[in-house]
Amino acid sequence: MTPRVVVTDHAFGGLDQEQATAKRFRKPHPGHLLEVLRRMGAGPERALFVGDTAHDSDCARAAHVECVLVDWAARRSGEAPAPRRVQRFAELVELVDERNGSVPAATA
């Protein structure tokens, strides 16, 4: 199966305004993320949530989606819990390639 990449804005722009403002869809509740996955026909195990805040990390965890936080965003991820962090865009590309089997995983 060919991996898909979805880019949405901070407020999950793929959802209409009514859904975006509904309390049940506000992060860290996973409603937005699960709805985007549902519309794509993808399960949480195939997703990677890229964020920059503790709310993003909490949202991904609640949806059972792997999360990576970026440290170059305007709002620094600081001490937000995440199993993985990246400091450069190239690291994010490497992570996606690694997950898709395009490059061998780095060894510790």
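The values are calculated or read from the model by the stated rules, or taken from the named source; none is laboratory data. Every value quoted in this text rests on a predicted model; they were computed, and no experiment measured them. Here Cβ is always computed from backbone atoms with ideal geometry, including for glycine, and neighbour counts include all displayed protein chains.
Could you tell me whether any residue of region 3-17 is part of a helix (DSSP H, G or I) and modelled with pLDDT under 90?
Yes - at least one qualifying residue is present in region 3-17.
If you take the residues in region 18-38 that are modelled with pLDDT under 85, surrounded by 12 or more Cβ atoms within 10 Å (Cβ to Cβ) and among the charged types (D, E, K, R), which one is farthest from residue 101 (Cα to Cα)?
26
Name the pairs: first residue in region 90-103 and hydrophobic (A, V, I, L, M, F, W, C), second residue part of a loop (DSSP other than H, G, I, E, B), Cβ to Cβ under 9 Å, at least 6 apart or on different chains?
Final answer for the pair search is 96/3; 96/5; 96/102.
Just checking, how many residues over region 39-48 are in contact with a strand residue (DSSP E or B) (Cβ under 9 Å, 6 or more places away or on another chain), surrounded by 15 or more Cβ atoms within 10 Å (Cβ to Cβ) and within 16 Å of residue 98 (Cβ to Cβ)? Can you show your working first?
Taking region 39-48 and keeping what is in contact with a strand residue (DSSP E or B) (Cβ under 9 Å, 6 or more places away or on another chain), we get 44-45, 47-48.
Still in the list and also surrounded by 15 or more Cβ atoms within 10 Å (Cβ to Cβ): 44, 47-48.
Those still in the list that are within 16 Å of residue 98 (Cβ to Cβ) too: 47-48.
Residues meeting the conditions: 2.
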